[in-house]
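Heads up: the structure comes next, in structure tokens.
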Ligand code: UFG
């Protein structure tokens, strides 16, 4: 009998890729998603990709009654909690919404899980908890902080989980600090295609490549980096998805809680990503140099060694593969 894993936010960008990776690893994933930031046809695409019907519950993570109903209907063994709001800029404008959905949503979920006698959860955290990093590459032991409400919610959620684990040994958490997820599923059936103008580099470049946006604005070329533009640790979303499968395995098989970075350890500049995307789509994408974006740091990349030692996780896909899969996905989505 396969183990059943509830994916909150399972129809979203990272959730949907993790769904496929879990199904391939022999788990039975179940989705709970409000679809505020996910496409309606994702469950159908997941069914095509996995060759099996998809169990999908349309509900908000803050809705305790709906959560109780899902836990009663499905025999759930563990939860991977993706459901959250994730735009830094939006969080500055709407801090209460971020507190309510990200922190309130986690609180509701933990209460319902506890009442259902379920204590294993993988949590989507972010390198944003390192604030402005003081050491590079960044190990998990680096100081944490926040510079915006989104970062505040992720850090607070981590701390809530750590306090809960310390209070009762039945609770066991995998906290995954993502660096910069990028790329799309190799089938071109899943990927990132935000409803509004994208904030993040890779989906923005995808829209420049399709011609929907005129040019990339490079936010600052006077940073203390080799070419003056920001350095980030881009990780292919299929590698990231595999990290979740390994994290879940550590929780379910060894009862081993952990907090790990999921990144490659390699930083690429904005101009390097622009060139890689241009290679992928076969033309030089236009760009203009714009002022620095408030809140950005010069460089942010992971020390990935704890994930390697603890989970046996190594991100193996290259920046070129991220750009090529993103381009294949957006091209398919526009035809
Ligand atoms: N950038 C541009 N132009 C754009 C968009 C981005 O030049 O139109 C640059 C940024 O200045 C930065 C790099 O591209 O140097 C990456 O920017 P992203 O917005 O793609 O990603 P960030 O590193 O700013 O943030 C991401 C997530 C956050 C998360 C953080 C963790 O969006 O949620 O990684 O490191 F907190």
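All of the numbers you see were taken from the coordinates with simple rules; none came from a lab. Because the structure is predicted, anything quoted here is derived from the model rather than measured. Glycine also receives a Cβ, built like all others from the backbone with ideal geometry; neighbour counts cover every protein chain displayed.
Using the number of other C-beta atoms within 10 angstrom as an exposure proxy, rank 1, 107, 202 with the fewest first.
Working: 1 6, 107 16, 202 25.
Least to most surrounded, the residues fall as 1, 107, 202.
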Specify the angular offset, from 0 to 90 degrees and rounded to the nearest 10, of the alpha carbon long axis of helix 201-210 from the longest principal axis of the alpha carbons in the chain. 60
Using a Gaussian network model of the chain whose springs link C-alpha atoms within less than 10 Å, name the residue from 263, 174, 145 with the highest mean-square fluctuation. 145
Cα-based shape type of the stretch 263-302, given that a ≥ b ≥ c are square roots of the gyration tensor eigenvalues and the cut on a/c is 1.5: oblate
Mind running the shape call on the stretch 98-199? Use the C-alpha gyration tensor, a ≥ b ≥ c as the square roots of the eigenvalues: rounded below 1.5 for a/c, prolate if a/b tops b/c, oblate otherwise. oblate
Report the extension gain between residue 73 and residue 285 in nm, rounded to one decimal, defined as 0.36 nm multiplied by the number of residues separating them, less their alpha carbon distance. 71.4 nm
Mean separation of Cα contacts under 8 Å (at least 6 apart) over the residue count of the stretch 198-326, i.e. the relative contact order in percent, is 38
Euclidean distance of C-alpha centroids, the stretch 241-272 and the stretch 124-178, integer Å: 13
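Relative contact order of the stretch 12-82, please, whole-number percent, based on alpha carbon pairs below 8 angstrom and at least 6 residues apart. Intermediate results must be reported in sequence, preceding the final value.
On the way: 56 pairs, mean separation 22.7, N = 71.
It comes to 32 percent, rounded to a whole number.
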Taking the chain as the reference, fit the longest principal axis to its C-alpha atoms, fit the long axis of helix 13-24 to the helix C-alpha atoms, and give the angle between the two in degrees, 0 to 90, nearest 10. 60
Could you work out which residue, out of 266, 159, 254, moves most in a Gaussian network model of the chain, that is, has the largest mean-square fluctuation with Cα springs under 10 Å? 254
What shape does the stretch 67-120 take by its C-alpha gyration tensor, where a ≥ b ≥ c are the square roots of the eigenvalues and a/c under 1.5 counts as rounded, a/b above b/c as prolate, and the rest as oblate? prolate
Rounded to the nearest 10 degrees, the helix 149-167 long axis (Cα) sits at an angle to the longest Cα principal axis of the chain of 30
Relative contact order of the chain, please, whole-number percent, based on alpha carbon pairs below 8 angstrom and at least 6 residues apart. 18
Separation of the residue 111 and residue 331 label points, Cα + 7 Å toward Cβ, nm: 5.0
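Multiply the residue gap between residue 254 and residue 296 by 0.36 nm, knock off their C-alpha separation, and tell me the result in nm, one decimal place. Let's see the in-between values first.
Numbers: separation 42, 0.36 × 42 = 15.12 nm, distance 3.83 nm.
Residue separation times 0.36 nm, minus the Cα-Cα distance, leaves 11.3 nm.
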Between 241, 116, 302, find the one with the highest GNM mean-square fluctuation for the chain; connect C-alpha pairs within less than 10 Å. 116
